[in-house]
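What follows is one structure encoded as structure tokens, with my remarks underneath.
The values are calculated or read from the model by the stated rules, or taken from the named source; none is laboratory data. What you see is a predicted model, and the numbers here were worked out from it, not measured in a lab. Cβ atoms come from the backbone with ideal geometry, glycine included; neighbour counts cover every protein chain shown.
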Amino acid sequence: MNNCFEIENITVAWDRANPVIRSMNLTCEKHSDLSIIGESGSGKTTLAQVICGMLKPVCGNIKVLGTPIYEVNQKEVIKLKSRFQMIFQDPLASFDPSIKMKYSLTEPLLIHKIQVNHEETLDSVLETVKLSKEILNKYPSQLSGGQRQRASIARALITNPEFIIADEPTSALDVSLQGHIIQLLDSLRDRITMMFITHDLALISHVSTYSAVIFQGYIMEYCHTKDLITNPLHPYTKDLFDAFVHKKKGLSPDKTVPPGKCPWINRCRQRMDTCDKEGIPELKDIDGRMVRCYLAGR
Ligand SMILES: Nc1ncnc2c1ncn2[C@@H]1O[C@H](COP(=O)(O)OP(=O)(O)OP(=O)(O)O)[C@@H](O)[C@H]1O
Ligand code: SF4
Ligand SMILES: [Mg+2]
């Protein structure tokens with residue numbers, strides 16, 4: 001099995017009237033790291049939760065490491081989950097404040113009944129993430145932001161996973177610490193496939209082979225990261241890069257989009273008559289790049 005996950009035509013909704021992920025198809029092959037890019041509220045964390053077995057899609061199929069995660073029994077889910085891990089957006093909130101780090105870090109070995117020497121495995125992951133053993137007797141609140149993020153990476157590594165989803169792993173850190181965490185994640189890419197969720201477009205070239213740009217739960221563009229950076233094709237991707245380069249505030253979601261129309265229609269600088277007449281454009285393959293826009297391929 002060569003895919004970390006395969007998503008086929010899934011729709012996900014917290015509230016059934018307003019899907020957050022819409023008819024999405026996406027595959028992440030092993031050793032082909034993937035970035036998910038999109039502004040706040042576009043559905044990135046929701047997508048991660050679906051892949052991690054935390055939120056069942058309303059419809060569609062999903063396989064994680066070859067297993068249909070929502071169709072197998074709990075025992076199989078626990079076994080499967082030891083093979084992939086998530087690094088959460090807020091490292092402080094992801095640790096139990098009343099439990100010392102030693103237990104928090106080794107807990108996944110107990111949950112997944114992994115038969116290894118706990119002390120040796122812990123020493124090894126602490127060395128990988130460059131954390132001193134002194135943190136083991138501390139509570140999460142007693143760690144610095146950088147230490148906490150390294151600890152959350154250590155916890156993700158302790159089960160020796162094949163696949164890690166890192167949800168904005170640097171957003172809670174000072175700029176000075178962000179580079180160290182990116183270097184650390186980058187150093188793991190030889191042995192672990194990463195799905196990297198980020199707002200920070202400067203990071204994607206460091207961490208991923210492919211990138212998917214999502215907006216209002218739709219994939220707008222999906223391609224090789226280097227193509228996306230050098231030549232974004234979708235008008236939304238272009239505006240996203242433009243806002244990033246010029247340090248503009250986020251492109252806030254437009255709630256007034258007419259139903260069944262291109263989600264970017266009201267703010268698109270390249271809007272045409274076709275966009276008003278037709279429904280939501282399909283994600284089309286243009287020379288190996290997937291683009292959801294009527295301009296694509298013209
Ligand atoms: N637990 C929840 N219950 C209800 N709605 C939710 C829940 N979590 C997220 N949502 C809604 O789903 C939509 C997508 O949220 P999500 O957290 O996936 O966005 P995101 O792209 O990760 O944003 P950010 O970049 O701010 O982290 C938003 O409209 C959000 O309000
Ligand atoms: S389909 Fe039309 S409105 Fe939508 S992004 Fe493309 S050109 Fe703009
Ligand atoms: Mg999020």
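When the helices (runs of 4 or more DSSP H) confined to the range 201-298 are screened for residues that are at pLDDT 85 or above and either within 18 Å of Asn25 (Cβ to Cβ) or within 16 Å of ligand 1 (Cβ to nearest atom) (or both), those reaching at least 3 such residues are found at 235-245. Screening the candidates Glu39, Glu6 for the property of being within 25 Å of Thr225 (Cα to Cα) and modelled with pLDDT of 95 or more yields one hit, Glu6.
Residue by residue, here is whether (1) of a type in the set (S, T, N, Q); (2) surrounded by 14 or more Cβ atoms within 10 Å (Cβ to Cβ); (3) touching a strand residue (DSSP E or B) at 6+ places or on another chain (Cβ under 7 Å); (4) not assigned by TED's automatic domain parsing to the domain that holds Ile192 holds:
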residue: His118; (1), (2), (3), (4): no, yes, no, yes
residue: Val129; (1), (2), (3), (4): no, yes, no, yes
residue: Lys133; (1), (2), (3), (4): no, no, no, yes
residue: Ser141; (1), (2), (3), (4): yes, no, no, yes
residue: Arg148; (1), (2), (3), (4): no, yes, no, yes
residue: Ile153; (1), (2), (3), (4): no, yes, yes, yes
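Does the range 64-83 contain at least one residue that is within 16 Å of ligand 1 (Cβ to nearest atom), in the same structural domain as Leu201 (by TED's automatic domain parsing) and part of a strand (DSSP E or B)? No. The set of residues in the range 13-36 being touching a Lys or Arg at 6+ places or on another chain (Cβ under 8 Å) and not acidic (Asp, Glu) consists of Ile36 alone.
Considering only residues in the range 31-63 that are of a type outside the set (A, V, I, L, M, F, W, C) and in a helix (DSSP H, G or I), the one that is nearest to ligand 3 (Cβ to nearest atom) turns out to be Thr45.
For Glu8, the test of being of a type in the set (Asp, Glu) and part of a loop (DSSP other than H, G, I, E, B) is failed. Looking across the range 87-138 at every residue that is outside any loop (DSSP other than H, G, I, E, B) and β-branched (Val, Ile, Thr), the one that is nearest to the chain's Cα centre (by Cα) is identified as Ile87.
Does the range 166-182 contain at least one residue that is out of contact with any Lys or Arg (no Cβ under 6 Å at 6 or more places or on another chain), among the charged types (D, E, K, R), farther than 19 Å from Asp90 by Cα and surrounded by 12 or more Cβ atoms within 10 Å (Cβ to Cβ)?
Within the range 166-182, the first condition is being out of contact with any Lys or Arg (no Cβ under 6 Å at 6 or more places or on another chain), and the residues that meet it are 166-182.
The next check asks that each one be among the charged types (D, E, K, R); those that pass are 167-168, 174.
From what's left, farther than 19 Å from Asp90 by Cα: none.
No, the range 166-182 has no match at all.
In this structure, does Thr209 turn out to be under 17 Å from Phe88 (Cβ atoms) and assigned by TED's automatic domain parsing to the domain that holds Ser35? Answer is no for this residue.
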